[in-house]
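Quick notes on the structure that follows.
The values are calculated or read from the model by the stated rules, or taken from the named source; none is laboratory data. Note that the structure is predicted; figures quoted are calculated from it, not measured. Here Cβ is always computed from backbone atoms with ideal geometry, including for glycine, and neighbour counts include all displayed protein chains.
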Amino acid sequence: MTSTTDARAPRLGRTSTAVVAGGLALTLSLVGCTGQTEPQPQSTSTKSSAGTPTITETTEPATPASGELATATYDLNGVKFTMILVEGGTFTMGDDKRAAEGGTQVANQAGEHKVTLSSYTIGETEVTQALWNQVMNTSFDEVDLQHPVASITVPDSRTFVKQLNQQAHAARIIPEDRNFHMLTEAQWEFAAKGGRKSQDFRYAGSNDLSKVGWTSDDGPSVHPIKQKRPNELGLYDMSGNVYEWVADYAAPYPNQAQVDPLNDTPSDNYIKRGGSFYYNDEYRFTTTYRYFYSTTDHTIGLRIGLS
């Protein structure tokens with residue numbers, strides 16, 4: 001498959017508690033879902049003495065101890081970001097039916113195949129300008145640092161991950177046996193679909209794109225993170241806002257089942273996922289759509305993993 005230039009682009013479950021470093025209690029809730037109940041943003045509600053509900057901030061998950069993978073919030077020199085646990089599993093990657101529909105590069109989805117993934121964690125949001133600036137010692141023009149970073153290349157993304165690991169290890173916010181990384185395309189798709197909690201939505205968290213994703217119908221610019229509904233895993237903006245680079249080089253899907261795949265054979269193109277604010281073609285925002293691209297533009301950002 002070769003690239004074409006984008007003409008318009010410039011289950012009920014269990015709860016376990018583990019004690020980690022410093023005596024902090026880390027609670028992991030694993031809840032299964034059935035049906036098509038759309039996920040809602042979560043908060044902690046208490047009642048005042050007058051009986052009026054009061055919304056309070058949810059306690060941030062503690063940093064996991066060495067050898068553990070868990071949902072956690074990290075603080076890098078004052079910039080906080082949350083990584084969400086994705087329990088490993090097997091799913092069908094690609095979509096032959098959608099590949100036969102009309103649209104730019106829709107055929108890239110062809111070649112449904114089984115993929116089995118180990119557990120990992122994934123960014124709750126796209127990498128923000130605040131985190132990018134902290135790691136890269138640079139500054140973007142956007143006033144709101146809670147916008148996702150954009151206009152970055154795959155080499156930029158690799159450099160960011162390398163420097164993030166250096167700083168995170170030096171600050172001891174992650175154990176030595178863990179590293180941040182660009183997501184593989186399979187990790188991205190499994191998470192976008194909701195992982196083992198998937199309700200088989202067309203988009204990441206809903207069959208109604210307007211509820212979960214920013215498109216050009218919402219205006220011609222990037223939007224702050226966490227303004228729309230999250231998906232089944234609690235991930236925001238996996239459909240829309242900005243496209244997200246993945247680690248794989250572009251290529252047609254293989255015919256056989258795979259375990260923890262990564263296509264690291266160089267080609268002329270990389271892969272961006274998720275759709276962006278620049279478009280309103282709904283097929284671009286599905287959990288299986290993949291666009292082969294060689295450069296960058298103001299609609300492409302990044303979401304990271306930790307394994």
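List of remarks:
- Meets criteria (surrounded by 22 or more Cβ atoms within 10 Å (Cβ to Cβ), at pLDDT 95 or above, in a loop (DSSP other than H, G, I, E, B) and of a type outside the set (S, T, N, Q)) for Y236: yes
- Only one of Y283, Y253 that is part of a helix (DSSP H, G or I) and at pLDDT 95 or above: Y283
- Note on region 169-186: residues that are surrounded by 19 or more Cβ atoms within 10 Å (Cβ to Cβ) and farther than 16 Å from L69 by Cα amount to 4.
Residues are listed down the side, and each one gets a yes or a no for (1) surrounded by fewer than 16 Cβ atoms within 10 Å (Cβ to Cβ); (2) over 17 Å from the mean Cα position of the chain (by Cα); (3) among the aromatic types (F, W, Y):
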{"position": "T121", "(1), (2), (3)": "no, no, no"}
{"position": "T128", "(1), (2), (3)": "no, no, no"}
{"position": "L131", "(1), (2), (3)": "no, no, no"}
{"position": "N137", "(1), (2), (3)": "yes, yes, no"}
{"position": "V149", "(1), (2), (3)": "no, no, no"}
{"position": "P155", "(1), (2), (3)": "yes, yes, no"}
{"position": "R158", "(1), (2), (3)": "yes, no, no"}
{"position": "V161", "(1), (2), (3)": "no, no, no"}
{"position": "Q166", "(1), (2), (3)": "yes, yes, no"}
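- Residue that is surrounded by the fewest Cβ atoms within 10 Å (Cβ to Cβ) [pool: residues in region 266-286 that are farther than 18 Å from P148 by Cβ and touching a strand residue (DSSP E or B) at 6+ places or on another chain (Cβ under 7 Å)]: P266
- Total residues in region 296-307, condition of a type in the set (D, E, K, R) and buried (at least 24 other Cβ atoms within 10 Å of the Cβ): 1
- Candidates in region 193-213 are the residues that are under 15 Å from the mean Cα position of the chain (by Cα) and part of a loop (DSSP other than H, G, I, E, B); of these, the one that is surrounded by the most Cβ atoms within 10 Å (Cβ to Cβ) is A204.
- Any hit, region 137-145, residues being in a loop (DSSP other than H, G, I, E, B) and in contact with a Lys or Arg (Cβ under 8 Å, 6 or more places away or on another chain): no
- In region 287-295, the condition of being of a type in the set (S, T, N, Q), in contact with a Lys or Arg (Cβ under 6 Å, 6 or more places away or on another chain) and buried (at least 24 other Cβ atoms within 10 Å of the Cβ) is met by at least one residue.
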